[in-house]
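**Student:** Got a structure here, written out as structure tokens. Questions coming.
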Amino acid sequence: MKRGGSGVSSWGRNVKGSRSESFLSSLPFPAKSLTQMEREKIIWEFEQLYHSLKEHEYRLLARLEELDLAIYNSINGAITQFSCNISHLSSLIAQLEEKQQQPTRELLQDIGDTLSRAERIRIPEPWITPPDLQEKIHIFAQKCLFMTESLKQFTEKMQSDMEKIQELREAQLYSVDVTLDPDTAYPSLILSDNLRQVRYSYLQQDLPDNPERFNLFPCVLGSPCFIAGRHYWEVEVGDKAKWTIGVCEDSVCRKGGVTSAPQNGFWAVSLWYGKEYWALTSPMTALPLRTPLQRVGIFLDYDAGEVSFYNVTERCHTFTFSHATFCGPVRPYFSLSYSGGKSAAPLIICPMSGIDGFSGHVGNHGHSMETSP
């Protein structure tokens, strides 16, 4: 069977709402407490958003009221001027009508003075909005347009983020207890007693070169093996500068060099020298992340042929391998090397009990095979 797997940076999975709700209703109390905590957090965040929007609304309405007053004063001033001119013209017309009754000689004598007074009456131009008021209206309109566009973008982003958070939450419901398999560890990798931490050492241990052990690259596999279903675990990478994590087939080559790529049975993401994040597709895919990964969630959907990675700290999706064809059991995969400084810290498999309110395992909703350490 040919292996496969293409990478997509968009959401590769859509979990049906009805199926999710029925599943949640069957969960034990500790799992339900997670949803309650998330619900309270979402309510709090929306309350903060509501208060922020109300504040912006108050400011815009106050500014609009100022503009209303400025426009009213400007128009009222123009009306007052028009009324004054009309009054002067009406008085002049009345005087002319009286003079029409005078003899022609007297009328001609007074006409010069009357015309002179008429010329002194300033006929105003048709009223137009003053330039300074026009500028204020323009600025206000631009602010309203900016606010409308920003709110639209924010709403779209919030909706997208909520969908991403929901997907991560649902992935976490498939949490499994993963430990490191010491029989597979490269001799320079030091495992903790609880088999949840691994660090790199320049001094190689004197370990038997059993068939399961990697003998060239600093790799170690996790337990259990997965042969079906959905499974989720998290890894604390911290400030380490070089690491690779993901899944691989249990049958991958352990001896000699091998490229970590889907065609060789590996589905993983990697950080190089503390700067470059890559999805190890073929060819590799650069991951332009906004924030460094500190804690990575890995979600395996064996039956769908998907391996997804999440930035748990930011609660967002990072990458998904899709259309993968797994040839047999699949296992958690870890690789790290020493590059000095902070990277000397161990890579840690996070215990999933108690995660965001969990006090026990919600489940490994599929099939797995334990591997004996």
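Nothing in this text is a laboratory measurement; each read-out follows from the coordinates by a stated rule. Treat the numbers as computed from the prediction; the structure is a model and nothing was measured. Counting neighbours? That spans all protein chains shown, and the Cβs are built from the backbone with ideal geometry, glycine included.
**Student:** With each label point set 7 Å from Cα along the Cα-Cβ vector, what nm distance links ILE227 and PHE140?
**Tutor:** Calculated label separation equals 7.3 nm.
**Student:** Along the Cα-to-Cβ line of ARG290, 7 Å from the Cα, sits a label point; which residues in region 161-184 have backbone N less than 15 Å from it?
**Tutor:** In region 161-184, the label zone of ARG290 (backbone N under 15 Å from the point 7 Å along Cα→Cβ) covers 161-165.
**Student:** In the structure shown, do any of LYS54/LYS275; LYS255/LYS275; LYS143/LYS275 have a Cα-Cα gap over 31 Å, and if so which?
**Tutor:** As for pairs spanning more than 31 Å Cα to Cα, those are LYS54/LYS275; LYS143/LYS275.
**Student:** Could you put THR155, THR244, THR285 in order, starting from the residue whose Cβ has the fewest other Cβ atoms within 10 Å? Please report the intermediate quantities before stating the final value.
**Tutor:** On the way: THR155 11, THR244 22, THR285 17.
By the 10 Å Cβ count, ascending: THR155, THR285, THR244.
**Student:** Provide TYR202, TYR72 in ascending order of the number of other Cβ atoms located within 10 Å of each residue's Cβ, fewest first. Walk me through the intermediate numbers first.
**Tutor:** Values: TYR202 6, TYR72 10.
Going from least to most buried by this count: TYR202, TYR72.
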